[in-house]
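Worksheet for the structure shown next.
The values are calculated or read from the model by the stated rules, or taken from the named source; none is laboratory data. Here the structure is a predicted model, which means the values were calculated and not measured. Glycine also receives a Cβ, built like all others from the backbone with ideal geometry; neighbour counts cover every protein chain displayed.
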Amino acid sequence: MTLIFYKYQGTGNDFVMIDNRQQIFDKDDTKLVAFLCDRKFGIGADGLILLENHPEVDFKMVYYNADGNQSTMCGNGGRCLVAFAEFLQVVKHETTFEAIDGLHYAKIQDNLVHLQMKDVDSIDTFDTHQFLDTGSPHHVQFVKDIANFDVKTEGAKIRYGQPYNQAGTNVNFVQQENEDTFTVRTYERGVEDETLSCGTGATAVAIAMHDSGKSTASQLNLNVPGGQLKVSFKKDNDTYKKVMLIGRATQVFKGTITC
Ligand SMILES: N[C@@H](CCC[C@H](N)C(=O)O)C(=O)O
């Protein structure tokens, strides 16, 4: 089979994109997805995303981690998929689409994709860290000297350890730069390594920092190894609403692969 694919990246979190409106892709083929995401034998990516038709909204997002398994919401992948949908002329500058965690509104403005994330009404706070779900599960922990921190080793210990075990979590390490700016490095479940950016992770860090009083700003800057993201929200009673993840999403190349 020869497959046409597109490669996108959002702050360095990179994805293979496939237009699956004609149902050309076998969605249960875990080995194929893992092969396409393999950086040595395949195309290479942190994940793979299918754009599919939807009966009521503009399109449907189906997301796989690089290990080949379908997973929970991907914020950067969602932003890239909105850019891909605009490229395919499925949408113009605004859209509503369905992902695994429900409907998402998004718009493209000044070359930035603004993606609305799910409301967050539950944040577990511990002495050493916070845990919350922004579409995907996230452990958020402060570290000193983040530039020299061993994210892969320490992230893996937390990801596979108690209480997360096999189901796991994504793990974000954070350092505060000023009132509204944080540096974030993320170990991603399903990639099993540090990625250059994680959108649901940046969202989790922004909300966790506000909730713990580290910042009172309602729009935060998140410096990630692949660039900069912004996250804004409105806190209504104990719920974070209108959570927007904002950043660039870029088409890198198009290709065909025999598989
Ligand atoms: N890259 C992501 C998160 C993707 C999902 C994650 N690896 C998981 O399985 O929880 C993002 O940008 O949010």
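The residue of the range 182-192 that is nearest to the ligand (Cβ to nearest atom), among those that are over 14 Å from the mean Cα position of the chain (by Cα) and surrounded by fewer than 24 Cβ atoms within 10 Å (Cβ to Cβ), is GLU192.
Test of understanding: among LYS242, LYS254, LYS230, which residue is assigned to a strand (DSSP E or B) and free of Cβ contacts under 8 Å to residues at least 24 places away in the same chain? One residue alone meets the criteria, LYS230.
Starting from residues that are among the acidic types (Asp, Glu) and more than 17 Å from the chain's Cα centre (by Cα), keep the ones in the range 84-126 and report whichever is surrounded by the fewest Cβ atoms within 10 Å (Cβ to Cβ). Result: ASP110. When residues in the range 69-83 are screened for being out of contact with any Gly (no Cβ under 9 Å at 6 or more places or on another chain) and either surrounded by 24 or more Cβ atoms within 10 Å (Cβ to Cβ) or in a loop (DSSP other than H, G, I, E, B) (or both), 2 of them pass. Applying the selection to the range 1-19, what residues are under 21 Å from PRO225 (Cβ atoms) and touching a Gly at 6+ places or on another chain (Cβ under 8 Å)? Scanning the range 1-19 gives LYS7, GLN9, GLY10, THR11, GLY12, ASN13, ASP14, PHE15, VAL16.
When the range 50-68 is filtered for residues that are outside any loop (DSSP other than H, G, I, E, B), hydrophobic (A, V, I, L, M, F, W, C) and over 15 Å from ASP29 (Cβ atoms), the ones remaining, listed by number, are LEU51, MET61. Once the range 197-218 is narrowed to residues that are buried (at least 24 other Cβ atoms within 10 Å of the Cβ) and among the polar types (S, T, N, Q), the residue that is nearest to the ligand (Cβ to nearest atom) is THR200. Among the residues here, VAL174 qualifies as surrounded by 13 or more Cβ atoms within 10 Å (Cβ to Cβ), touching a helix residue (DSSP H, G or I) at 6+ places or on another chain (Cβ under 8 Å) and at pLDDT 95 or above. Residues in the range 112-148 that are touching a residue at least 60 places away in the same chain (Cβ under 8 Å), farther than 22 Å from GLY102 by Cα and of a type in the set (Ser, Thr, Tyr): THR125 only. A residue that is within 12 Å of the ligand (Cβ to nearest atom) and either farther than 25 Å from ASN69 by Cβ or assigned by TED's automatic domain parsing to the domain that holds GLY227 (or both) can be found somewhere in the range 147-157.
Taking the numbered list (1) assigned to a loop (DSSP other than H, G, I, E, B); (2) in contact (Cβ under 8 Å) with a residue 40 or more places away in the chain in turn, VAL91 passes all entries but (2). Specify the residue that is farthest from the ligand (Cβ to nearest atom); the eligible residues are those in the range 127-143 that are among the β-branched types (Val, Ile, Thr) and crowded, with 24+ Cβ neighbours inside 10 Å. Result: VAL140. Taken over the range 20-46, the criterion of being more than 29 Å from LYS230 (Cβ to Cβ) and acidic (Asp, Glu) is satisfied by ASP26, ASP28, ASP29, ASP38. A residue that is among the hydrophobic types (A, V, I, L, M, F, W, C), outside the structural domain of GLY190 (by TED's automatic domain parsing) and out of contact with any Lys or Arg (no Cβ under 6 Å at 6 or more places or on another chain) cannot be found anywhere in the range 128-137. The set of residues in the range 41-61 being within 16 Å of the ligand (Cβ to nearest atom) and crowded, with 18+ Cβ neighbours inside 10 Å consists of ALA45, ASP46, GLY47, LEU48, ILE49, LEU50, MET61.
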